[in-house]
Amino acid sequence: MTTRDASAYRCQECGFSSPKPGTCPDCRRAGNTWVQLVEERPVSPRSSRRASVAAARPRALTEISIEPDDRVRTGIGELDRVLGGGVVRGSLVLIGGDPGVGKSTLLLQAARALAQAAPPVLYVTAEESAAQVKMRADRLGIATDGLLLWPENDLSIVQAQLDDVKARALVIDSIQTVFLPDLESAPGSVAQVRECGARLMTLAKGRGIATFLVGHVTKDGALAGPRVLEHLVDTVLYFEGERTHSYRVLRAVKNRFGSTNEIGVFEMVEGGLVEVKNPSGFFLAERPREAPGSVVVSSLEGTRPVLLELQALVAQASVGTPRRTVLGADYNRVCLLLAVLEKRAGVPLGSQDVYVNVAGGGRVTEPAADLGIVVAAASSYMDRVVPPDVLVVGEVGLTGEVRAVAGLELRLREAAALGFRRAIVPQSNILEPIRVSVDIRGVATVGEALTALLG
Ligand code: TYD
Ligand code: MG
């Protein structure tokens with residue numbers, strides 16, 4: 001049974017509910033004409049729950065067992081990692097991202113793998129025609145029997161047919177283009193998105209179907225249908241990437257079945273999305289050697305350390321206020337760090353333009369990259385090279401102190417694996433010895449780090 005609240009009229013046959021009286025559109029479509037919706041008075045939560053009391057009773061935590069097949073691996077390692085080890089049966093996963101970032105591609109590839117592991121998979125394409133999706137599938141080399149394509153916008157039709165199809169996984173591409181005919185508002189409106197989401201939630205939970213929803217994000221980064229879906233669904237993933245770069249990051253922002261710290265890294269190539277098992281190697285592939293302003297930092301994404309190349313260019317400003325341009329890092333943080341560099345380490349940047357960029361279209365999200373930003377700017381200003389085999393790690397405070405970071409050992413191990421031989425780390429991080437094959441040098445202030453690296 002559905003458990004939705006505000007609706008006042010309900011179909012006694014299928015549980016469909018609507019705020020308006022009339023006949024049930026779901027039953028009508030299923031061939032059962034003119035089933036009248038019956039008015040329902042709002043019931044107190046206690047009486048409405050009475051029916052399910054027999055099925056669910058309090059049980060000891062130790063008594064409850066988890067079926068091993070509750071999680072299905074999608075066959076895409078990076079996606080499974082972000083989901084927490086596979087997709088859970090009956091869960092609702094929302095994948096948000098800018099148009100064109102590759103959401104449909106990712107889900108089509110996941111649908112192929114799921115169709116092999118747990119057929120059939122139903123791919124409802126409400127945005128593109130079947131021929132368009134077929135063309136993409138051909139490009140990706142996907143030809144799987146268990147994958148059913150269905151160009152359909154009307155969610156009530158999908159609901160009515162779902163039992164015939166007996167799908168074990170469902171993809172809705174996208175939630176903004178499907179609609180329920182009994183609501184008057186247009187597809188993509190808040191009311192439609194919320195109702196469609198709630199309907200799919202009921203379907204997913206009731207039938208144990210792993211369901212993926214595609215959601216476009218608006219210009220200011222919110223999922224359209226203001227956040228209504230994020231509360232409802234089990235998992236929210238964002239697919240991010242610069243259009244001009246081939247790499248894409250899948251990030252969990254909510255996950256009822258796993259950590260929200262994990263990321264999955266992909267590269268978009270001719271034949272679709274390819275998993276990047278070694279992101280650090282990917283980001284450092286084109287690093288120039290012996291170039292002033294280039295520093296390697298480590299950004300810990302969940303349990304996964306990713307090494308990134310930070311570049312800074314400091315150049316004499318012409319007239320007026322000097323420019324600060326930042327790509328791939330937080331603008332305000334960089335301005336703060338430049339002020340620390342000027343005041344605490346005496347590097348005069350007041351008349352200098354400063355450009356900071358994370359190479360390869362990467363992004364640093366962590367204060368552990370602070371020291372790297374400071375060193376890169378100083379290196380460019382002094383036109384002195386930071387040795388290429390050094391990793392720079394540390395958070396920088398306003399007094400110029402270098403503060404401890406989390407997961408130092410993980411970062412250092414990753415660096416060692418990629419051939420780095422030395423590391424500048426916060427002094428307060430190495431109170432206990434760390435067993436890695438990297439030569440570690442602890443620093444307490446920005447000044448110490450600059451002396452150690454640039455002389
Ligand atoms: P798409 O999955 O359609 O994006 P979304 O569903 O998020 O809007 O993919 C968009 C881009 O990906 C498109 O510009 C072309 C590119 N692409 C490739 O580079 N290689 C491929 O194999 C595929 C299928 C797409
Ligand atoms: Mg798409």
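The values are calculated or read from the model by the stated rules, or taken from the named source; none is laboratory data. Keep in mind that what you see is a predicted model, and the values were worked out from it rather than measured. So basically every Cβ, Gly included, is an ideal-geometry build from the backbone, and we count neighbours across all protein chains shown. All accessible areas refer to the heavy atoms of the entire protein, side chains included, with ligands and DNA or RNA removed. Shrake-Rupley method; radii C 1.70, N 1.55, O 1.52, S 1.80 Å.
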Of all residues in segment 154-176, count the ones that are within 16 Å of ligand 1 (Cβ to nearest atom) and open to solvent by 10 Å² or more (accessible area, probe 1.4 Å). 1
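Can you tell me which residue among ARG112, ARG57 is modelled with pLDDT of 90 or more and open to solvent by 60 Å² or more (accessible area, probe 1.4 Å)? Lay out the reasoning, then the answer.
On the way: ARG57 fails: modelled with pLDDT of 90 or more.
Of the residues listed, the single one that is modelled with pLDDT of 90 or more and open to solvent by 60 Å² or more (accessible area, probe 1.4 Å) is ARG112.
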Inter-residue pairs, beta-carbon under 9 Å, first under 18 Å from GLY75 (Cβ atoms) and in segment 254-278, second of a type in the set (Ser, Thr, Tyr) and open to solvent by 50 Å² or more (accessible area, probe 1.4 Å), 6+ apart: GLU262/THR303
The residue from ALA131, ALA143, ALA186 that alone is within 16 Å of ligand 2 (Cβ to nearest atom), open to solvent by 30 Å² or more (accessible area, probe 1.4 Å) and free of Cβ contacts under 8 Å to residues at least 40 places away in the same chain is ALA131
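Identify all residues within segment 347-390 that are of a type in the set (D, E, K, R) and modelled with pLDDT of 95 or more; write none if there are none.
ASP353, ASP370, ASP383, ARG384
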Starting from segment 148-176, take each residue that is in a helix (DSSP H, G or I) and list its partners that are within 16 Å of ligand 1 (Cβ to nearest atom), counting only C-beta distances under 9 angstrom and pairs at least six apart or across chains. LEU155/VAL124; LEU155/ALA126; LEU155/ILE172; LEU155/VAL178; VAL158/VAL124; VAL158/ILE172; VAL158/VAL178
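Taking segment 269-286, which residues are open to solvent by 50 Å² or more (accessible area, probe 1.4 Å) and farther than 28 Å from ASP389 by Cα?
Taking segment 269-286 and keeping what is open to solvent by 50 Å² or more (accessible area, probe 1.4 Å), we get 269-270, 274-275, 277-278, 282, 285-286.
Within segment 269-286, VAL269, GLU270, VAL274 meet the criteria.
Looking at LEU108, is it within 12 Å of ligand 1 (Cβ to nearest atom), hydrophobic (A, V, I, L, M, F, W, C) and under 20 Å from the mean Cα position of the chain (by Cα)?
When the stated conditions are applied, LEU108 passes them.
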Scan ALA117, ALA110 and give me the residue that is farther than 28 Å from PRO19 by Cα and within 16 Å of ligand 2 (Cβ to nearest atom). ALA110
Checking VAL390 against (1) out of contact with any Gly (no Cβ under 8 Å at 6 or more places or on another chain); (2) buried (at least 22 other Cβ atoms within 10 Å of the Cβ): exactly one of these is not met. Which one? (2)
Residue pairs within 8 Å by beta carbon, gap of at least six or interchain, first lying in segment 93-114 and part of a loop (DSSP other than H, G, I, E, B), second near ligand 2 (Cβ under 10 Å from one of its atoms), listed first then second, are ASP98/HIS216; PRO99/HIS216
